[in-house]
1. How many partner chain Cβ atoms sit within 10 Å of a residue's Cβ in peptide A:15-28, on average, as a whole number?
2. Could you run the Karplus curve 6.51 cos²θ - 1.76 cosθ + 1.60 with θ = phi - 60° over segment B:35-49 and give me ³J(HN,Hα) per residue in whole Hz, x for Gly and Pro?
3. Taking the Cα centre of the protein assembly as shown as the origin and placing charges on Cβ (Lys, Arg +1; Asp, Glu -1), which of B:MET89, B:ALA14, A:ASN296 is farthest toward the positive end of the dipole?
4. What is the set of long-range amide H partners of A:TRP252 at a cut-off below 5 Å, with H atoms built 1.01 Å from backbone N?
5. Which of A:HIS102, A:HIS220 has the fewest other C-beta atoms within 10 Å, and how do the rest follow up to the most?
6. Which residue fluctuates most in the GNM of chain B (Cα springs below 10 Å): B:LYS40, B:LYS62, B:LYS73?
7. Can you find, among A:ILE87, A:CYS313, A:SER60, the residue farthest towards the positive end of the dipole of chain A? Put +1 on the C-beta of Lys and Arg, -1 on that of Asp and Glu.
8. What's the exposure ranking of A:VAL105, A:VAL301, A:VAL137, going from fewest to most Cβ atoms within 10 Å?
Amino acid sequence: MTTQEWKFTAKDIAEKPDLFLAGHRACAGCGPATVFRMIMKATRGPTIVTEATGCMEVVSSIYPYTSWAVPWLHTAFETSASNASGIEAALKIMKKKGRLNHEHVDVIAFAGDGGTYDIGIQALSGAVERGHDFLFVLYDNEAYMNTGIQRSGGTPHGAATTTSPAGKSIPGKLEYKKPIADIMVAHNMPYVATASPYYWKDLMTKVRKGLEVEGPAFLHVFAPCPRGWRSDPAKSMEYSKLAVESCVFPVWESVNGHCQLSIPSKLISLAPQKKRPVDEYLKGQGRFRHIFKPQNKKLLVDVQRMTDARWECLLRKCGETPKTA
Amino acid sequence: MTHHNKNWKEIAPAGVCSKSSIGFLTGDWKTYTPVRDPEKCTRCVLCVIFCPDGAIKWHPEKNDIEFDYNFCKGCGICANQCPTNAITMRLEQESK
Ligand SMILES: Cc1ncc(C[n+]2csc(CCOP(=O)(O)OP(=O)(O)O)c2C)c(N)n1
Ligand code: SF4
Ligand code: SF4
Ligand code: SF4
Ligand SMILES: [Mg+2]
């Protein structure tokens, strides 16, 4: 079955009612909250959502209130993907028995970086290997925010968290961010993409593609957290733009293993002079404040070096030839 | 002993949140209030899309946006992203 490409304007999206409702208790300027609103506006419906514990689960389900206008199931920290597997299997059997009145039901599993890179990866890997038809959304705020900003496998190199504090012993997190989307591509799954909410149209198109594809889809979404990043709440969308422009978080998709850059990153590959230095992205974020101290000069150089190396590796994967500015 | 353990059909299936969070107002969290200049506003609706709290509504029939201060937490994202700088953040007292 081929599906027609979903075309929409800003006003179409603005007019669509929210399925992730106001009255949730995320901090002011919460990037994941914007991301959730956008994702839910891109669903076809009917939709069932399941979500691992973490900030967005907590803020949207404080008893007796719910911010979900669709069926939603909270699950343990590690089991977002296993829950989605069960839901999808149940839908399949109901359809077989003639007990489902819908042609298709979208199943979405949400988890944070802790719930994906770390404790959730086994359930995710298994669900993808079994081929369940669902969309897994990783909203990446780059630490365990809900429990007080502990580092995760998704926390970037050099970032200060409560378990990787910048001080005399270490200059923030010593390890590098785990390439989670590449790990998912290595599962030979039908659809993997990365997205950043400043590029809302790109993000929403990818949500729809991930839902339409048969089999598992994985979407890695950049989601600034002003509380944990010690950044200005007004700048959450600005950082989601700068992360893409500095190639710290490039946007791309892999369809059946065929990898290509999405427009915002493609434009930078075509005009490398538009690629911003990483310090333009890092500055203003309290978690990186120490990087600008003279004694940490090497760290800043290293962050730039690693960003460039990963960008060039991505360019090669996408069949682009790296050009220098 | 005649103790009876409830079977799985008898116990509550799970905790259920029965009320919509629309009934929980978050508007009093804010320090600064977004105020829009309708002259400068082009009705591009970007602020409606970017607001984390769904606190800006688009009314196609009026061809206009409307702030819902009952939910707005005063983050300033709308003001920061507005392409025409139509939104200013004001201290609550000033905006009244
Ligand atoms: C097995 C288990 N260990 C620890 C916790 C406590 N816990 C709840 S949420 C959370 C962190 C979630 O981090 P992440 O997935 O990144 O989501 P965020 O809060 O950052 O949005 C932790 C450690 C738990 N609920 N279950
Ligand atoms: S701590 Fe961060 S992710 Fe959690 S609700 Fe606050 S801003 Fe959002
Ligand atoms: S972003 Fe600015 S110009 Fe666009 S609708 Fe909002 S206030 Fe008006
Ligand atoms: S200040 Fe923040 S919460 Fe209030 S309307 Fe603007 S974007 Fe929404
Ligand atoms: Mg997190």
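Coordinate-derived values only; no laboratory data. None of these values were measured; they are calculated from a predicted model. All Cβ positions, even for glycine, are placed from backbone atoms using ideal geometry, and neighbour counts span all protein chains on display.
1. Working: counts 6, 1, 2, 4, 0, 3, 8, 17, 13, 7, 5, 5, 4, 13.
Other-chain Cβ atoms within 10 Å of each residue's Cβ, averaged: 6.
2. 10, 9, 8, x, 5, 7, 6, 9, 6, 6, 6, 4, 4, 4, 6
3. A:ASN296
4. A:THR194, A:SER262
5. Sorted ascending by nearby Cβ count, the order is A:HIS102, A:HIS220.
6. Ranking B:LYS40, B:LYS62, B:LYS73 by mean-square fluctuation puts B:LYS62 first.
7. Sorting the options by dipole projection puts first A:CYS313.
8. So the residues, fewest neighbours to most, are A:VAL301, A:VAL105, A:VAL137.
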